[in-house]
Amino acid sequence: MKRTVIPLLLAFAAAPARAGIPAEQEDCLGCHSDPDQTFALPSGEKLSLFVDQEAFAASVHGQSLRCTECHTDKTSDHATGELKFKNRREVTVAHYEQCKGCHFANYTKTLDGVHFAVMAKGNQKAALCVDCHGAHDIKRPGQPRTRTSKMCAGCHAEEAAIFAKSVHGRAVDSNDDVPVCTDCHRAHDTTDPRHGALASRTPEICGRCHTDEKLMSKYGLSHRVVDTYLADFHGMAATLQKGEKRGPGVRLAAVCTDCHGVHDIQKTDDPSSTVMAANLQKTCAGCHQGASASFPKAWLSHYEPTPEKAPIVWAVQLFYKLMIPFMVGGLTLQIALHLWRVVVNR
């Protein structure tokens, strides 16, 4: 074995450096450039030892990291030619820890995420760094943005298929304005949606785009949807619940996703939209059992009261806007006059 390997290494060391790859990488890439080179694991799986030189050279690490900075003696053993791993997943898990050496801030975020929590319970299928970012072909995050949703679809195929048919998903390939998975779920500290914490944050999450006046004007949408939501009974109840400790999934009031959907959001005039007038009774009945056909009419939606839309509500609001200052001002004036008279008569 030594007689074969040593001349090979000497030959590769003497060869000129490949374009875009530092010379110190040549010895490793010299051996790992064979697409058919594999290692048989005890599980019966074949572990590919091939590294695509062009993909690696174009990656963010291609010209900055040496192979041995990630592939330490703890993860590979050239002296014996053996690997201590039983299956391919164990290889991935072992290299997961290597990333924290340079990316410690993001690594610590993953400790608060749902993927790490699942892995800590013994499920090795949970997503790790290389599952999302790749290994030797790592690109800058979000370049292109569509890669994010396609990457998440590798594990979350059902949700990805639903999202692809939504108003956001249909435009994600051609429009940088629409959100991808990580815009709502975050990247490294992804929240478990089953516990209710993510749902309670949806007004804030949706508001990042839907309160942007310039952005919303491009699509003829109101930028005051969050303000109108927070002003009605749903928004006020949800605001009052903040900070209270409740059981998983227990909430006082509906948030954005309860009415508009989660991954299947459609335009409000789309026949399949859950907030389409014809579908509102069914949507409201999700929380308000027995809701009648006229039940949704008690809600102003995201409209602000005007003389044309909800004139009675508009008149009541106007009355209070005038009456409350008049009453408070009059009371203040009365107290001031009373104090003045007491002082003068003394």
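The values are calculated or read from the model by the stated rules, or taken from the named source; none is laboratory data. Because the structure is predicted, anything quoted here is derived from the model rather than measured. All Cβ positions, glycine included, derive from the backbone under ideal geometry; neighbour counts span all protein chains shown.
For the reader, a short list of remarks on this structure follows.
- Residue list for segment 123-133, filter: surrounded by fewer than 16 Cβ atoms within 10 Å (Cβ to Cβ), in contact (Cβ under 8 Å) with a residue 12 or more places away in the chain and not charged (D, E, K, R): 124
- The condition of being modelled with pLDDT of 65 or more, farther than 30 Å from residue 140 by Cα and either acidic (Asp, Glu) or not in a loop (DSSP other than H, G, I, E, B) (or both) holds for only one of 69, 54, 82, that being 82.
- Restricting 182, 191 to those that are in a helix (DSSP H, G or I) and either surrounded by 15 or more Cβ atoms within 10 Å (Cβ to Cβ) or in contact with a strand residue (DSSP E or B) (Cβ under 9 Å, 6 or more places away or on another chain) (or both) reduces the list to 182.
- Any hit, segment 311-331, residues being outside any helix (DSSP H, G or I) and charged (D, E, K, R): no
- Any hit, segment 248-266, residues being surrounded by fewer than 17 Cβ atoms within 10 Å (Cβ to Cβ) and touching a Pro at 6+ places or on another chain (Cβ under 9 Å): no
- Looking only at residues in segment 259-277 that are at pLDDT 90 or above and not in a loop (DSSP other than H, G, I, E, B), the one that is nearest to residue 182 (Cα to Cα) is 260.
- Within segment 194-221, considering residues that are at pLDDT 90 or above and small (Gly, Ala, Ser), the one surrounded by the fewest Cβ atoms within 10 Å (Cβ to Cβ): 220
- Taking the criterion of being touching a helix residue (DSSP H, G or I) at 6+ places or on another chain (Cβ under 9 Å) and either surrounded by fewer than 16 Cβ atoms within 10 Å (Cβ to Cβ) or of a type in the set (D, E, K, R) (or both), the residues of segment 146-160 that qualify are 150, 154, 155, 159.
- Residue 112 being under 21 Å from the mean Cα position of the chain (by Cα), surrounded by 15 or more Cβ atoms within 10 Å (Cβ to Cβ) and of a type in the set (Asp, Glu): no
- Conditions (1) part of a loop (DSSP other than H, G, I, E, B); (2) more than 28 Å from residue 265 (Cβ to Cβ); (3) in contact with an Asp or Glu (Cβ under 9 Å, 6 or more places away or on another chain); number of the one not met by residue 138: (3)
- Test: residue in segment 320-340 that is outside the structural domain of residue 268 (by TED's automatic domain parsing) and surrounded by 12 or more Cβ atoms within 10 Å (Cβ to Cβ): no
- Taken over segment 105-126, the criterion of being part of a loop (DSSP other than H, G, I, E, B) and over 14 Å from residue 182 (Cα atoms) is satisfied by 111, 112, 121, 122, 123, 124, 125, 126.
- Filter pass, residue 167 being among the hydrophobic types (A, V, I, L, M, F, W, C), closer than 30 Å to residue 268 by Cβ, touching a residue at least 40 places away in the same chain (Cβ under 8 Å) and surrounded by 12 or more Cβ atoms within 10 Å (Cβ to Cβ): yes
- Only one entry in 173, 183, 212, 177 is in contact with a helix residue (DSSP H, G or I) (Cβ under 6 Å, 6 or more places away or on another chain) and of a type in the set (D, E, K, R), namely 173.
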